[in-house]
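The values are calculated or read from the model by the stated rules, or taken from the named source; none is laboratory data. In this text the structure is predicted, and so the values were computed from the model without any measurement. Because the Cβ atoms are built from the backbone with ideal geometry, glycine has one as well, and the counts that use them run over all protein chains shown.
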Amino acid sequence: MAISDEFTHFNEEGRGRMVDVTHKKDTARMALARGAIYMKPQTLEKILSNQMKKGDVLSVAQIGGIMGCKRTSELIPMCHNILITGSDLRFEPDVENSCIHIEAELRTTGKTGIEIEALTAVSVAALTIYDMCKAVDREMVIGDIRLIKKTGGHSGTFERKEEKK
């Protein structure tokens, strides 16, 4: 059995390749990803009261996440460049746990999924928050980044069980 039969991202010589999706049908696809950035309570308070010197942290993070998802194929090897037909990021401040929960929901109609783009959107939004707040809190921690749900394509729907709402 050739290595390309076992692993889709390797050619006959065992070198990386982008998977050929020419034969796949276009389907409507959606991906929902979440993550969080944990910080000192004072940092969260400054964000929520719009007192960061660099400006409105969540507005900039919103734009950063959208810009990030559009550049995913430039960041992740073998990732297809896809047309993103919709993207939305949501932020949920959590005072009790001193963090901001980040959620990205992306949509496309195409031959390949949009999960990596949703995960990238969450990651870049969290990194943007870190960048805007690092002058007051270098101990922030980015984590919990995970796919919550995806629809469309050959494999159908995936939904993380412990995340159902």
Can you tell me which of (1) in contact with a strand residue (DSSP E or B) (Cβ under 8 Å, 6 or more places away or on another chain); (2) not in a helix (DSSP H, G or I) is the one CYS69 doesn't meet? (2)
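More than 23 Å from THR157 (Cα to Cα) and touching a Ser or Thr at 6+ places or on another chain (Cβ under 9 Å) - does that describe any residue in segment 80-88? Spell out the reasoning first.
If we filter segment 80-88 for residues that are more than 23 Å from THR157 (Cα to Cα), which is where we start, we get none.
No, every residue in segment 80-88 fails to be more than 23 Å from THR157 (Cα to Cα) and touching a Ser or Thr at 6+ places or on another chain (Cβ under 9 Å).
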Those residues that are surrounded by 18 or more Cβ atoms within 10 Å (Cβ to Cβ), without any contact (Cβ under 8 Å) to a residue 40 or more places away in the chain and closer than 15 Å to THR128 by Cβ, I need them from segment 71-109; list them, please. SER87, LEU89, PHE91
Just one of (1) surrounded by fewer than 20 Cβ atoms within 10 Å (Cβ to Cβ); (2) part of a strand (DSSP E or B); (3) free of Cβ contacts under 8 Å to residues at least 40 places away in the same chain; (4) not aromatic (Phe, Trp, Tyr) trips up ASP144, so point out which. (3)
Any chance you could count how many residues in segment 1-39 are at pLDDT 80 or above and of a type in the set (S, T, N, Q)? 2
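Take VAL19 and tell me if it is among the hydrophobic types (A, V, I, L, M, F, W, C) and either in contact with a His (Cβ under 7 Å, 6 or more places away or on another chain) or assigned to a loop (DSSP other than H, G, I, E, B) (or both).
On the way: among the hydrophobic types (A, V, I, L, M, F, W, C): yes; either in contact with a His (Cβ under 7 Å, 6 or more places away or on another chain) or assigned to a loop (DSSP other than H, G, I, E, B) (or both): yes.
Yes.
What number of residues in segment 72-127 are charged (D, E, K, R), assigned to a helix (DSSP H, G or I) and within 9 Å of the chain's Cα centre (by Cα)?
Step one: filter segment 72-127 for residues charged (D, E, K, R), giving 74, 88, 90, 92, 94, 96, 103, 105, 107, 111, 115, 117.
Subset that is assigned to a helix (DSSP H, G or I): 74, 115, 117.
So of that shortlist, the ones also within 9 Å of the chain's Cα centre (by Cα) come out as 115, 117.
Of the residues in that region, 2 qualify.
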Qualifying residues in segment 24-64 (those that are outside any strand (DSSP E or B), of a type in the set (Gly, Ala, Ser) and within 18 Å of the chain's Cα centre (by Cα)) - the one surrounded by the most Cβ atoms within 10 Å (Cβ to Cβ): ALA61
